[in-house]
Amino acid sequence: MDLTQIQNPAFLKDMSVSEMNELAAEIRSFLIENISRTGGHLASNLGVVELTIALHYVFDSPKDKIFFDVGHQCYVHKILTGRAGDFSRLRQFGGISGFQKRIESEHDVWEAGHSSTSLSAALGMAVARDLRGQNFEVVPVIGDGAVGGGMSFEALNQIGAEQRKMIIIFNDNNMSISNNVGGMSKSLARLRSAKSYNDLKTTMKHSLNRNEFGKVMYQGMKNIKDAVRDSVIESGIFGEFNLDYMGPVDGHNLRDLIRVMTVAKEHDGPVIIHAITQKGRGYSFCEKDRKGFWHGVGPFDVNTGRQLHETPEGYASWSALIADTLEEIAGKDQNVIALTPAMINGSALNHFFAKYPDRSFDCGIAEEHTATFAAGLAISGMRPFISVYSSFLQRAYDQINHDICRMDLPVVIGIDRAGLVGDDGDTHHGVFDITILKPLPNIIIGQPKDAREAVRMMNTAFAQKHPFAIRYPRGEVRVNPETSHELLKIGSWTVFNDRPDNQAAVLTYGPDVDRIVHKCEVNNLPVTVVNCRFFKPIDSECLERLAERNIPVIVYETDMKEGGLSTSVAEYYCDRKIRADVIRMGIGDHFVEHGSVSLLKRNEHLDMNSLFDVINTFLVRTI
């Protein structure tokens, strides 16, 4: 079958189970081939092929609301809703997103790049449907990792109380939550999903409800059924939330999936379908993966599984550099503890966790809990380090504010993937953390420009007693063998290419510092470059010296302009009535879509050429 000819899922209604199994095999091959060229979330999508086909066979999208938590496992959904022809530009600028996007298709009814939002959204849709007298199914698909997030539990609590009709697909790939297995459980699951049993319950209800005696009899039988259900079938956590449960069912058996989903459509209130799936099914390298390596990948060789991008000699990822430095510090201080919300591999903490198992904690997809857990450790004399992606840090804002900063606790926060991250797009760009954290009292915020400065900043963070956030980008950094452990003066900036007759100054931070310095030196440009390695506190002495020279101050940042470094600079001059010509370059008041970082910077007019175009307007001699 030519998958690029699919326009909508309606064609599935006319297919046999055998034909759908053939389709599933074709989709797997398509995914492997295409993702090997573009990169993307491979293992998670290979695991939901049959599940997604069954969903679109039983339900009627977009009338019925089918959506995925987190959303990165929506590739099969995109194929079945007419977007297979766009996969050559998956996660590329101007191409389709790796997550559900409402602008792409009417079949994408919800958007998320963060975990555990689907159940709250589903309840909102169900309540709105009932209040408006509409008739459609609400079908969120949530994985065993996402269902453990705190927000999911909050939603389940209200879903159980509201008893609105919805069908929750619990996609359990056996990665975190224990399986509900055993002969009795499987037998009862088959009985409850059997059409004859469902027809019997429906017939009994209609027949016995015709008179008062029948109603009493039906209620008594229902109470017996509920007692059996509560003691045997729903002994797990879903029963505690007053949710009916169906399963477990083989998430790769189309016949069983279709049968159980069809029965669930007749259910009156909220019901859980527990589907057991295999992450990475159909591709041996994914199936054997136990560390999450194949969850999200770059381009790779299909036959060997070898990643096409390799870290150059002498370089390491920023994540690995920070993790290695943390390990070194922990070797000297028994109070140092590492915490991460389900990002051991992404944050390169594998070796730390192996070396210090008693001082390592994976908190699951629970950023809020992680932050307050760290606060509890810190107030008890420990020195916790939280490793968290910038875009996920947003979810713990209140805890960082209320539990860490308010009590001025010495928690060190490693903000991984800071800045534009590229292909994952607007839900994952780490461009808000400076703006979010800067107003909080007591916190210190910094970003090193290179490996040497990163090691010094990490040691500085653990040598002081206040909340300390260190940002570092996605990507690689040259490792400096002459690493220094000398502490930094907190709030200090450093100046490069500084001459008395310079005609402009550029204030920036991170890896861009060395790039700008190099270009200025190579072209002998009269431009002072300032490494603003601390966002809070800022170097007031440096700012005043620049103002005295009466030269334009160009603040260049590849994060949000509002509330960022340029805001601090402008506020400092304004509050002290210091005259200064401040030119601000940064991301404007909008979300940035997906695409390569270099292309996104050009699109935002934040690439090096754009910066030097601005610089040249202030120079007598230009390049």
Checklist entry - Given the conditions (1) at pLDDT 95 or above; (2) buried (at least 18 other Cβ atoms within 10 Å of the Cβ), and given that Val70 satisfies all but one, which numbered condition is not satisfied? => result (1)
Checklist entry - Any chance the stretch 20-43 includes a residue that's surrounded by fewer than 23 Cβ atoms within 10 Å (Cβ to Cβ), within 29 Å of Ala366 (Cβ to Cβ), among the small types (Gly, Ala, Ser) and within 25 Å of the chain's Cα centre (by Cα)? => result yes
Checklist entry - When you look at Phe385, is it in the same structural domain as Ile434 (by TED's automatic domain parsing), under 29 Å from Gly143 (Cα atoms), in contact (Cβ under 8 Å) with a residue 24 or more places away in the chain and not in a helix (DSSP H, G or I), yes or no? => result yes
Next on the checklist: I'm trying to understand the selection: among the residues of the stretch 464-497, which are under 29 Å from Arg545 (Cβ atoms), under 27 Å from the mean Cα position of the chain (by Cα), of a type outside the set (Gly, Ala, Ser) and in a strand (DSSP E or B)?
Outcome noted: Phe468, Ile470, Arg471
Checklist entry - What is the one condition in (1) touching a helix residue (DSSP H, G or I) at 6+ places or on another chain (Cβ under 6 Å); (2) modelled with pLDDT of 90 or more; (3) part of a helix (DSSP H, G or I) that Val249 does not satisfy? => result (3)
Checklist outcome for this item: Only one of Asp398, Asp408, Asp403, Asp426 is modelled with pLDDT under 95 and of a type in the set (Asp, Glu), namely Asp426
Next on the checklist: under 28 Å from Glu310 (Cβ atoms), in contact (Cβ under 8 Å) with a residue 60 or more places away in the chain and assigned to a helix (DSSP H, G or I): is that true of Arg515 in this structure?
Outcome noted: yes
Item to check | Every residue from the stretch 582-623 that is among the acidic types (Asp, Glu), assigned to a loop (DSSP other than H, G, I, E, B) and free of Cβ contacts under 8 Å to residues at least 12 places away in the same chain | outcome: Asp607
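So that you can scan it fast, the table gives a plain yes or no per residue for (1) assigned by TED's automatic domain parsing to the domain that holds Ala374; (2) more than 18 Å from Met585 (Cβ to Cβ):
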{"site": "Phe468", "(1), (2)": "yes, yes"}
{"site": "Arg474", "(1), (2)": "yes, yes"}
{"site": "Thr508", "(1), (2)": "no, no"}
{"site": "Val513", "(1), (2)": "no, no"}
{"site": "His518", "(1), (2)": "no, yes"}
{"site": "Asn523", "(1), (2)": "no, yes"}
Item to check | Residue among Asp403, Asp426, Asp358 that is free of Cβ contacts under 8 Å to residues at least 40 places away in the same chain, closer than 30 Å to Glu111 by Cβ and either small (Gly, Ala, Ser) or not in a strand (DSSP E or B) (or both) | outcome: Asp403
Item to check | Output for the stretch 142-193, where each listed residue is over 19 Å from the mean Cα position of the chain (by Cα), among the β-branched types (Val, Ile, Thr), under 20 Å from Ala43 (Cα atoms) and modelled with pLDDT of 50 or more | outcome: Ile169
Checklist entry - Right, Val555: within 35 Å of the chain's Cα centre (by Cα), of a type in the set (Val, Ile, Thr) and at pLDDT 95 or above or not? => result yes
Next on the checklist: When you scan the stretch 125-148, do you find a residue that is free of Cβ contacts under 8 Å to residues at least 12 places away in the same chain and either buried (at least 19 other Cβ atoms within 10 Å of the Cβ) or among the hydrophobic types (A, V, I, L, M, F, W, C) (or both), even just one?
Outcome noted: yes
Checklist entry - Quick check, is Gly282 at pLDDT 90 or above and either in a strand (DSSP E or B) or at positive phi (or both)? => result yes
Checklist outcome for this item: Result of the Cβ filter at 6 Å on the stretch 473-489, keeping first residues that are closer than 30 Å to Gly422 by Cα and partners that are of a type in the set (Asp, Glu) and surrounded by fewer than 13 Cβ atoms within 10 Å (Cβ to Cβ), at least 6 apart or interchain, is none
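The values are calculated or read from the model by the stated rules, or taken from the named source; none is laboratory data. Only a predicted model underlies this, so the values are computations on that prediction, with no experimental measurement involved. Reconstructed Cβ throughout: ideal geometry from the backbone, glycine too, with neighbour counts over all protein chains shown.
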